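Here is the structure we will look at.
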Amino acid sequence: MPIPTAPKAGTFEGGCAFCDGAFVALADAKISLFDWGFTRSDATYDVASCWKGAFFRLGDHMDRFFASLDRLRLSIPYSRAELREILHGCVRAGGLQDAYVAMVCTRGVPPKGARDPRLATNRFYAYALPFVWIAPPDKQAAGIDLHVSERVRIAPESVDPRVKNYHWIDLVQSLFDAYDRGRDTSCVVDAQGHIAEGPGFNVFMVKDGVVHTADRGVLEGVSRRTVIELCQRLAIPLTIAPLPAATFRQADEVFLTSTGGGVLPVARLDGVPLPQFPGPISKRLQDAYWALHDEPAYRDPVDYGR
Ligand SMILES: Cc1ncc(COP(=O)(O)O)c(C=O)c1O
């Protein structure tokens, strides 16, 4: 499907959306009340970041988005090159250097009276906003207090966690639990009591010099993958296996990974200070994560000249 020429840099200062095939101001981006993306959470999405004028690992985010579309039997009328152009266009038109950039596909609206998802025309949306942190920089410096919730993440047998999805009621309820207890954010467990993930992030711990993270029941985060690759590059021992909550509470260091902030060291678990904050391995990985943003293989610079 042809893409309209992206508006000039800064046309929609502060943020831009791509909706119904056109670049529009954020306030003009709308979806139907009857879209199954809204009424059934029948949608997938992905979020990439743009930092200092360049996308980070955009190809990996687009790969995951197209894989999620296939798994949910959704499709968009754009090629990979066109998708890239749309996302660049949103950042450029929004006049953004550091941006949160989302691509979304919903099932759409089936014909009146029909309940057959095959009859719906899938809808595609994208938007770029100023960068959104999982925890703002002042909170990161003060130290994130993570609530380890007993709430169970929706079963991977029910909703494939590798598909980035809007099934967030469990995560949102765990956030309320965290706030009720005076904590900053939360993570949930799987049915066997292993640490799963949190609202927008994967979870890691360090114990006796070894980095640990869950092997299943989680979104395969692009930032998680970056940390896994950095551990290999920096020869830091790594175990990817089920992580019991009781073991997690004995961690030396804990950190979260997300496109919304990269590697985020945690200071406390349920109010109890961790032995090391920011721990030396978390700090090393955090520094290495941001250093990667300068490596050409990971960067896709936005052209603001048009
Ligand atoms: C449930 C969940 N887990 C993990 C992540 C981290 O994924 P990524 O590193 O690709 O941002 C996210 C990101 O939004 C998420 O929603």
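A few notes on this one:
- Note that segment 16-132, at 10 °C in a medium of 1.306 mPa s, gets a Stokes-Einstein diffusion coefficient of 109 µm²/s from its Kirkwood radius over C-alpha pairs.
- Efficiency of FRET between THR39 and ARG162 - r from beta-carbon atoms, R0 41 angstrom, step 0.05: 0.95
- Dmax and Rg, reported as Rg then Dmax, of the chain (C-alpha, Å): 19.7, 60
- Label-point separation in nm, GLN97 to ALA241, each point 7 Å along Cα→Cβ: 4.5 nm
- Carbon-plus-sulfur accessible fraction, the chain (probe radius 1.4 Å, protein heavy atoms only): 55%.
- Label point distance in nm, ASP208-GLU13, each placed 7 Å from Cα along Cα→Cβ: 5.8 nm
- The simple Förster model, with R0 at 30 Å and r as the Cβ-Cβ distance, assigns ARG216 and ILE169 a FRET efficiency of 0.90.
- Each of ARG71 and GLU295 was given a label point 7 Å from its Cα along the Cα-to-Cβ line. The distance between the two points is 2.5 nm.
- Over segment 33-128, accessible surface divided per residue gives 42 Å², non-protein components excluded, 1.4 Å probe.
- When peptides 51-58, 138-145 are ranked by their average number of other Cβ atoms within 10 Å per residue, the highest-first order is 51-58, 138-145.
- Only alpha carbons enter this Debye calculation for segment 182-289, each as an equal point scatterer, and the log10 of I(q)/I(0) it gives at q = 0.13, 0.16, 0.19, 0.24 Å⁻¹ is -0.40, -0.62, -0.91, -1.58.
- Rounded D (µm²/s) - segment 18-75, Kirkwood Rh over Cα pairs, Stokes-Einstein at 25 °C, 0.890 mPa s: 182 µm²/s
- Counted charge near PRO280, where neighbours are those whose Cβ lies closer than 14 Å (Asp, Glu -1; Lys, Arg +1): -1
- Scattering profile of segment 72-111 at q = 0.18, 0.19 Å⁻¹ [log10 I(q)/I(0), Debye over alpha-carbon scatterers]: -0.63, -0.68
- Among beta bridges from DSSP that stay inside segment 137-292, the antiparallel ones total about 65%.
- Packing, taken as the mean count of other beta carbons within 10 Å per residue, orders the peptides 293-302, 199-208, 67-76 from highest to lowest as 199-208, 67-76, 293-302.
- Whole-number percent relative contact order across segment 16-132, with pairs defined as alpha carbons under 8 Å at least 6 apart: 35 percent
- Percent of beta bridges antiparallel (DSSP, the chain, rounded to nearest 5): 85 percent
The values are calculated or read from the model by the stated rules, or taken from the named source; none is laboratory data. Values in this document were obtained by computation on a predicted structure and should not be read as measured data. With ideal geometry, Cβ positions are generated from the backbone for all residues, glycine too; neighbour counts draw on all protein chains shown. Please note that ligands, DNA and RNA were not included when accessible areas were found on the heavy atoms of the full protein model with its side chains. Shrake-Rupley method; radii C 1.70, N 1.55, O 1.52, S 1.80 Å.
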